[in-house]
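Derivation of every value follows stated rules applied to the coordinates shown; laboratory data play no part. In this text, all values refer to a predicted model and were calculated from it rather than measured experimentally. Methodologically, a virtual Cβ is constructed for each residue, glycine included, from the backbone with ideal geometry; neighbour enumeration extends over all protein chains shown.
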Number of protein chains: 2
Amino acid sequence: MPMRHVPVSLTRSSIEDHFWSPKIQQMREVTLPVQHAMLQETGRFDALRLQWKPGDDQPHPFWESDVAKWIEAASYVLAKHHDPDLESKVDAAIDLLAGAQQPDGYLNVFFTVVKPGERWTDLLDAHELYGAGHLIEAGVAHHAATGKRTLLEIVMRYADHIASVFGRGPGQKRGYCGHEEIELALVRLYRATGVSRYLELATYFVDERGQQPFYFDLEDAERPSPSYFADEWRFATRAEEVQLFREYNQAHAPVREQADPVGHAVRAMYLYSAMADLAGENDDASLLEACERLWSRLTGRRMYVTGGLGSSALLEGFTEDYDLPDETAYAETCAAIGLVFWAHRMLMLRRKSSYGDILERALYNGVLSGISLDGRSFFYDNPLASKGAAHRHEWFGVACCPPNLARLLTSLSSYVYSHGDDGVAVHLYVSGTGAFEVGGTEVTIRQETSYPWDGSVKLSLAMGAPAEFPLAVRLPGWCDRPSLSVNGHEVDLASVTVDGYAVLDRAWNDGDEVTLDLPMPAVLVRAHPLVSAASGRGALMRGPLVYCVEQVDVGVDPLQVVLASEVTSATTGVDESLGGAVTVCVPGHTTSLVGWEDELYRSDGGPVLEEAEIVAVPYHLWANRGDGAMRVWLRSASSTGEASRSA
Amino acid sequence: MPMRHVPVSLTRSSIEDHFWSPKIQQMREVTLPVQHAMLQETGRFDALRLQWKPGDDQPHPFWESDVAKWIEAASYVLAKHHDPDLESKVDAAIDLLAGAQQPDGYLNVFFTVVKPGERWTDLLDAHELYGAGHLIEAGVAHHAATGKRTLLEIVMRYADHIASVFGRGPGQKRGYCGHEEIELALVRLYRATGVSRYLELATYFVDERGQQPFYFDLEDAERPSPSYFADEWRFATRAEEVQLFREYNQAHAPVREQADPVGHAVRAMYLYSAMADLAGENDDASLLEACERLWSRLTGRRMYVTGGLGSSALLEGFTEDYDLPDETAYAETCAAIGLVFWAHRMLMLRRKSSYGDILERALYNGVLSGISLDGRSFFYDNPLASKGAAHRHEWFGVACCPPNLARLLTSLSSYVYSHGDDGVAVHLYVSGTGAFEVGGTEVTIRQETSYPWDGSVKLSLAMGAPAEFPLAVRLPGWCDRPSLSVNGHEVDLASVTVDGYAVLDRAWNDGDEVTLDLPMPAVLVRAHPLVSAASGRGALMRGPLVYCVEQVDVGVDPLQVVLASEVTSATTGVDESLGGAVTVCVPGHTTSLVGWEDELYRSDGGPVLEEAEIVAVPYHLWANRGDGAMRVWLRSASSTGEASRSA
């Protein structure tokens, strides 16, 4: 099972898109400078000078990860744009990291200055290896973007140090990190350097996870007082608590025996991403099988319609099948980003549109909702309903989400195309280009589209000489009736579709055009009958976008909105206050509050319904127009009993 | 505004009832002995010997309250039953309390042996005054039940000590307890002893609460590290945290300025109970006004249909108007008990059926659900829906609910009748007797009923001589068409009903009979349109009982149940496995899971509906027949779109 595809890299692809380009530009002009200022203000840069002394505010054990993700995102920008100011800020940050690195390669401020004797004693909680992973990703990205080896060499020394500490050899620690990240980072480092030691270390970390005796139990037993958090779980037995804690870190069983996605959702996504990477690199069928099982359970039972993950705020993670509450959804921005990472890796192993569909679902909904229209503020959690008190924030004490969004969006062009022995694939619909080589011939695909507002896509091929190769074009699962033409001739999709991709295997010539038409009527999506928050309700979708209803548009709490049981006569509009977003308008009703002023419960019939036009906006754009309630799941089964009492 | 009514006391009333007597007998025979054993096992009695030394497990600062509530409940039993074994256990516990009391009257083990220098330094959290309050209630109850002054004198000494420490005098602490309880206890102690100092201290505690500067802020500033729990509220500002914390203890504003019920629900109920007591005792119209405003906001916006209170488990309390989630409802048993306490006190001030209705709603639903059929195990929280993993427990680390239930049920007869200058009132329908005096004539009311399974009630009057007085009979708000006869002659209710009570003002003779008929068809109750968990759903009620659907009866998750929009053809049954409870059966549908095996979201229509008989059981009896999902709010608006696809 060789790894089938590699992404068309950032330097070989570009985005010139009405939808994405302004967001990416905003990242460069607004978001990254704001985040740099926050790193400065909050002392994250200063901490790297190692000047801390007892009595000062303590640096956090995972502050390096925030700096690293910012460098990674900035590097992706530098790969595309000459920006001397940004480059000098990156170089300055790398200088600080260089100064904080210890002679043996170790690089974590907290365990260097605050608790110098306690390195690697709290793998469960302290995030040392997590921070190392982000530093490594930053080092690889910085090198690829700028050609400079400054940070790459720092992180290689750190990785070498880690390889000396962890493993199954004599005197080595047989541990792994509570928060996965180092695993996928080491695969990236291996791919960038070719040093197999890094791949082996990643393999060790993944394989060792969940083996008995459980490392975190052993570590906990060494502590003066146990870290397992007894108080939080008032009624659980000790055994239940320990199990919960192991699951929180996906360390309850060896990874190949894990079936249900459990625990902290971001940790889970980073682990599964590494598992997919290693399944490919090590040609490991059992690991791929575990990935596919986890994928099926996740997307079939534990994923929000927005691609958000994590039902419990307390756990920041998964609970049980079909438990997907809307108002209290955690759906951390980083978890949706993690799902994009994992889906992309699965797609590189197996070209199935189901992977691309989920990647797209998470990207356009649960990821993008994390950032405000102006690029300055962020949601940590992304609920599917709100009573109106939700605001994005500029920064957080645990500030993982803002720079994570930045590094995803600034590297987005590398998610659009991939290539392998079996040709080229187009996974996402974003205007721009992707370039690759077929048997010595340079081929460029230029894509033009108004996606996600419109489903027409034109792919133009440019090449020095004719070339024969399969071009695979994703047919999104949300689209009932796609059509595709090559140079104006319609293709019979039924005969060329494999795993949801139209595979156009032919001789291509310079100037060939593929046009794809993806009609995107508004539809009403229903959830599995055991999803309580969606029972008797439906969500409006149009194309890849989940829509929501905001109080600002309908004048009442969206809880009062009742849609018909089917969408038969939707119209669309354009909202300039939402950056030209396409809105959806459907006829429906709202429940009247008349008669309920002082009543909480009544047995004389349900609320009276009044006819109303219901305007819905893309979910990712909610909470950009002041306060007000919001809701994705809307009552959709019109009640005959209620309808007969309508005003 | 004199206090209008006093309860017909425990010693002047009796219960001989098919529904309640077995429960009260079980309290005596099972629950109290089991709880005594738990107090023993968990070290709560032993702690009172003051033998603790560093290194031992620490007694909890509020362990006295558990012992006290058990003594209080046991005393109510002793008021009715000669039980030498129970009496000797009570006496032994009181001996232990006597031995633990300090020379100055102070009585709290934790601050005597574990942190002897820190008395009254953590009013916010340490529950010292709360424990004192429960000791006082126990002392009053024990004295009233047995005539013994042993515990009463202990608690008077303690109360005298507290009165010396707290107040507005020089050198006194101007504080109050984070968890209210001492206030209502001091009113009881005043009523039992006539010592006005106790009433004045209760008045001080209630009036001082929420005055500026905020006492808890001052106390927090004295601590080495602040107690306000910054970590729990990740995204709140410091100012928001402090406000949340003040509200948690109802200390955000002077009590007369409080409008919305906020914070910890049990604390709120105990405070409002004391406010009602003081409104009566001090003839304080502004306090009564505050009570009425809080009552209206609570019952009109923040109360579960079961009488449960508290939407947030984290806060153990209130959130915002209409936020009443079902699966995550906290609805602590003690909060529903507290609502009974408050409602009863309001009823003594103002004879309005709305107070009696809420008392009844909480008692028959949110309170009774707290205890298992066998009397051995307890719910701390009482959600209105469950996926099936809910179990009652024998005991809790914080064990407030089990003995609280015991003291309420063993004193229930004192909630049935009351009397005052304006005659006698019958508030609850429970077979048994109530005795009182009218102008020197002894009158006894004997009540016979099969309530809550049937709404026929017979009241027989026995008296030595004829007497003229008003007899007020509550007409429950749930009943549309009550009828009432005196000696077989139907009374025109419209002409005699005042504030929901039928007031029968006439000369009564020995042998007179009042018969009340309260038809109780099953009805579908709807919630305010802004209650998300109930939107498009309804709850079955019959008489005072809220019903629920359990998986064990319908064979599917109750989430799949869809009722018609009205209940037109309900039948009833009797379930012997639930102690002869009346069940309700209505025609309805269930959604099919066919076609959803691997699907979480679909846009091709909602689930297919299949016809089904839906059996519902009283909510308070849920989770007595093994595992399985449960739900109070059931989809009730039949969807035309779905119905047309039914199998």
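Listed values, structure above:
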{"quantity": "Check: the range A:255-382 dipole with +1 on Lys, Arg Cβ and -1 on Asp, Glu Cβ, in debye", "calculated": "300 debye"}
{"quantity": "For residues of A:520-528, the mean tally of beta carbons on other chains within 10 Å", "calculated": "5"}
{"quantity": "Cα Rg over Rh - the range A:150-295, Kirkwood", "calculated": "0.99"}
{"quantity": "Label spacing, shortest first and in nm, from B:Glu611 to its equivalents in the remaining copies (7 angstrom along Cα→Cβ)", "calculated": "3.4"}
{"quantity": "Hull volume in cubic angstrom per residue (convex hull over the Cα atoms of the range B:255-382)", "calculated": "95 Å³"}
{"quantity": "Average partner coverage of A:554-565, which counts Cβ from other chains inside 10 Å", "calculated": "3"}
{"quantity": "For the B-to-A rotation axis, chain B residue with nearest beta carbon and its distance in angstrom", "calculated": "B:Gly536, 2"}
{"quantity": "Spin-label pair B:Ala507/A:Glu610, simplified geometry with 7 Å Cα→Cβ offset, distance in nm", "calculated": "5.9 nm"}
{"quantity": "Net dipole in debye of the range A:17-234 [+1 Lys, Arg Cβ; -1 Asp, Glu Cβ; about Cα centre; nearest 20]", "calculated": "520 debye"}
{"quantity": "Inter-copy separations for A:Glu437, label at 7 Å along Cα-Cβ, nm, ascending", "calculated": "11.0"}
{"quantity": "Using a 7 Å Cα-to-Cβ projection, A:Asp505 label spacings across copies, nm, ascending", "calculated": "9.8"}
{"quantity": "Sorted largest first, extent of the protein assembly as shown alpha carbons per principal axis (Å)", "calculated": "119, 70, 49"}
{"quantity": "Mean Cα-pair separation over length for chain A, i.e. relative contact order, pairs under 8 Å, 6 or more apart, %", "calculated": "13 percent"}
{"quantity": "Packing rank of A:127-138, A:38-49, A:477-488, A:405-416, where each peptide gets the mean count of other beta carbons within 10 Å, highest leading", "calculated": "A:127-138, A:405-416, A:38-49, A:477-488"}
{"quantity": "Convex hull (Cα only) mean projected area of the range A:417-517, reported in nm² to one decimal", "calculated": "5.9 nm²"}
{"quantity": "Separation in nanometres of the label points that stand 7 Å from Cα toward Cβ, at A:Asp480 and A:Arg376", "calculated": "4.4 nm"}
{"quantity": "The protein assembly as shown - mean residue ellipticity at 222 nm from DSSP helices (-39,500 (n - 2.57) per run, n ≥ 4, rounded to 500)", "calculated": "-10000 deg cm²/dmol"}
{"quantity": "Count of Lys pairs (Cα-Cα under 25 Å; at least 8 positions apart or interchain) in the range B:17-234", "calculated": "12"}
{"quantity": "Relative contact order [Cα under 8 Å, 6+ residues apart], the range B:1-97, whole percent", "calculated": "31 percent"}
{"quantity": "Where only alpha carbons of the range B:522-639 are counted, the Rg and the Dmax (Å)", "calculated": "14.4, 46"}
{"quantity": "Packing rank of B:50-60, B:140-150, B:365-375, A:200-210, where each peptide gets the mean count of other beta carbons within 10 Å, highest leading", "calculated": "B:365-375, A:200-210, B:140-150, B:50-60"}
{"quantity": "Whether chain B is rounded, prolate or oblate, judged on the alpha carbon gyration tensor where a/c under 1.5 counts as rounded", "calculated": "oblate"}
{"quantity": "Residue-averaged beta-carbon neighbours from other chains (10 angstrom radius) around A:535-542", "calculated": "5"}
{"quantity": "Normalised contact order of the range A:255-382, rounded percent, pairs of Cα under 8 Å and 6 or more residues apart", "calculated": "26 percent"}
{"quantity": "Leading residue at positive end of dipole, the range A:197-350 (Cβ point charges), from A:Ala202, A:Leu339, A:Ala221", "calculated": "A:Leu339"}
{"quantity": "Order by protection proxy (mean Cβ within 10 Å, highest first), peptides B:571-581, B:282-292", "calculated": "B:282-292, B:571-581"}
{"quantity": "Cα-centred dipole magnitude for chain A, charges only on beta-carbon of K, R (+1) and D, E (-1), debye, nearest 20", "calculated": "740 debye"}
{"quantity": "Cα convex hull volume per residue for the range A:377-450 (Å³)", "calculated": "147 Å³"}
